[in-house]
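The values are calculated or read from the model by the stated rules, or taken from the named source; none is laboratory data. All of these numbers come straight from a predicted model, not from anything done at the bench. We place every Cβ from the backbone using ideal geometry, glycine too, and count neighbours over all the protein chains shown. Surface accessibility is based on the protein's heavy atoms, side chains included, excluding ligands, DNA and RNA. Shrake-Rupley method; radii C 1.70, N 1.55, O 1.52, S 1.80 Å.
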Amino acid sequence: MAKEQHFDGVGVAKGIAMGPAYVRESWAADVAERHIPKNAVAKEQKRLKDAVQLARRQIRRLQSRIASKTNAAAEELGFMLDAYLHMLQDSRLVRGADQRIADKQVNAEAAVKAETDAIAEVFLNMDDTYIAARLDDILEVGNRLQRNLTKAPVKLFSAVPEGSIIVAEQLTPADTAQLDPAMVKGAATMLGSAEGHTAIMARALALPTVLGASGLMGGVKTGDFIIIDGSSGHIIVNPSPRTKTTFEARRAKHLKEVRSLNRLRNLPAITRDGSEVVLEANVELPIEMDMVMQAGAEGIGLLRSEFMFMNRDDVPSEDEQVESLRSVIGVMGKRPVTIRTLDVGAEKPVAALLNGIEEGAASNLGLRGIRLSLAQTDVLETQFRAILRAANSGTVRILLPMVSTVGEVRKAREILKKAAARLIRRGVVIPDPLPQIGAMIEVPGAALAADALAQVCDFLAIGSNDLTMYTLAIDRGNEHVAHMFDPLHPGVLRLIQFAAGAALRARIPISICGEMAGDPRYTALLLGLGLRELSMAPSNILQVKKRIREMDMAAANHRAGVIMDQVDAGRIAMLLDDFNALA
Ligand code: PEP
Ligand code: MG
């Protein structure tokens, strides 16, 4: 029997999953051959060079993940990665593809594919097991280069046997969106961190998930039995019968807790001393709507509209967007739905929108969110028209991501008015007055100028994920600094407190919709800082409600006051945990 192996990563979506692993290894992108004019050859060769460099960076990232590990799986994986790097330095594959672009005048991805196929053919004719293993390496590198070049989404999970647990080097948010929780039991990867959008997507799907487990790919094959614990981040491959029994008992306990929380569904979120709190849902995908209803959400505080643009090569039409939005708004009836305009950029690329934009321009500090929308106003106007049409059937608000200036909100409002005027000319009935417009407070400058933004906004929503990232200069998707990502840093808390106060003074609503809003550990502090609207993954609503129902607002206010006098995040955490323990 295969030996039991253990791996540790970050548990990002709760629950215990057990079943056969499905390892996503070398998946090839769909590559079409294009003839290119002679004067485009140099540009195509440069694309190839960039793809090679990106592949080298990706592999180095994997190497550094396993550097500290000494187990056999990590060692094996280390050898493989060394071989890949070597192949990307100077090899027949890279040289041959480069030559093909010039000789055959074809696009870089087609040149890589043709060269990989040609090398594979030579290898296949040699009857040698060592060489056969090298062939796998060449295919892996060739596929990686093709994926880097096409950047196109790939249909990854259609062939996965039902009940599998996906194991991959990395899952993007778009990959994760393709996972159907009715078909797949869980997911585990080598790269990724708790604050990135992949983690958010996994929580949205309530799919037990562990990210960032070093060495994992070297220790598991498709078909191996695997257990993942989405709370502790622990992964066991080929568990002994005894380990299996232990985890089955843990899973039963977890399910019992979930069932007992369900009893709170129709009860109000009210503190013992009578303060009411509004609990809303964050929604990434329409598939979540059942969970939103089950959790008894009072509205949708954040509809991340990126789902409409993911896993496709073109921009969805106005009609398609209306249909998608109606599928969410229709379920909510009169309960409010806050639709955020597209937040593309950084770790959420959308191929069709970034076409023609130089690589790197849409980084975390670049053309992200409202900045990209204002640089492509036709896309924003279409989105506004779709929102206005869909808004007829419910109560809709519009939220702008990554706002840093008052001017951005003003410009967006002008575009909304233009979109409305065009619809009226077309004879379409739209809401009158127009939906309210709000800004995300997720850039430190926006938080510090929340009083100014409050003058041009109808409401504000704090995005504590990005606010923490930008305040502390910690990339939320970078596992090397993930341990330093701390929303309890006094700098972050002061910005939240100031924004909440600014909204109160301007008499406009303010909510918080970052991940901390869904963690009961932070609930008392957020309420103590003046927030009364929390929006979170539907699967977190009932546990936050439980926390609210067992505490006193007066005590939370007092504890928040003590906490805000502190300068050290560790002491803040201690004061908060002590307070929570009293409940
Ligand atoms: C945030 O930044 O906190 C937020 C809610 O937005 P997103 O996670 O989609 O960037
Ligand atoms: Mg954000």
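Before we move on, is Ala439 open to solvent by less than 40 Å² (accessible area, probe 1.4 Å) and in contact with a Cys (Cβ under 8 Å, 6 or more places away or on another chain)? Yes: the conditions hold for Ala439.
Looking across region 479-496 at every residue that is open to solvent by 50 Å² or more (accessible area, probe 1.4 Å) and within 22 Å of the chain's Cα centre (by Cα), the one that is nearest to Ala346 (Cα to Cα) is identified as His480. Hey, does region 195-218 have a residue that's part of a loop (DSSP other than H, G, I, E, B), at pLDDT below 85, closer than 28 Å to Arg56 by Cα and within 16 Å of ligand 2 (Cβ to nearest atom)? Taking every residue of region 195-218 in turn, at least one turns out to be part of a loop (DSSP other than H, G, I, E, B), at pLDDT below 85, closer than 28 Å to Arg56 by Cα and within 16 Å of ligand 2 (Cβ to nearest atom). Within region 415-438, at least one residue is within 16 Å of ligand 2 (Cβ to nearest atom), modelled with pLDDT of 95 or more and of a type outside the set (Asp, Glu). Flag set for Gln566, criterion: assigned by TED's automatic domain parsing to the domain that holds Asp466, outside any helix (DSSP H, G or I) and open to solvent by 30 Å² or more (accessible area, probe 1.4 Å).
Of all residues in region 541-563, those satisfying the criterion of being open to solvent by less than 20 Å² (accessible area, probe 1.4 Å) and either within 29 Å of Arg507 (Cβ to Cβ) or without any contact (Cβ under 8 Å) to a residue 12 or more places away in the chain (or both) are Ile541, Val544, Lys545, Arg547, Ile548, Met551, Met553, Ala556, Ala560, Ile563. Of the residues in region 445-453, at least one is without any contact (Cβ under 8 Å) to a residue 60 or more places away in the chain, assigned to a helix (DSSP H, G or I), touching a Phe, Trp or Tyr at 6+ places or on another chain (Cβ under 8 Å) and open to solvent by 30 Å² or more (accessible area, probe 1.4 Å).
Screening Glu288 against (1) modelled with pLDDT under 95; (2) in contact with a strand residue (DSSP E or B) (Cβ under 6 Å, 6 or more places away or on another chain) leaves a single unmet condition, (2). The condition of being within 16 Å of ligand 2 (Cβ to nearest atom) and surrounded by 24 or more Cβ atoms within 10 Å (Cβ to Cβ) does not hold for Ile474.
Checking each residue in region 497-519 for being open to solvent by 30 Å² or more (accessible area, probe 1.4 Å) and within 22 Å of Arg476 (Cβ to Cβ) picks out Gln497, Phe498, Glu515, Asp519.
The set of residues in region 232-253 that are more than 20 Å from Lys3 (Cα to Cα), assigned to a helix (DSSP H, G or I) and touching a residue at least 60 places away in the same chain (Cβ under 8 Å) comprises Arg250, Arg251.
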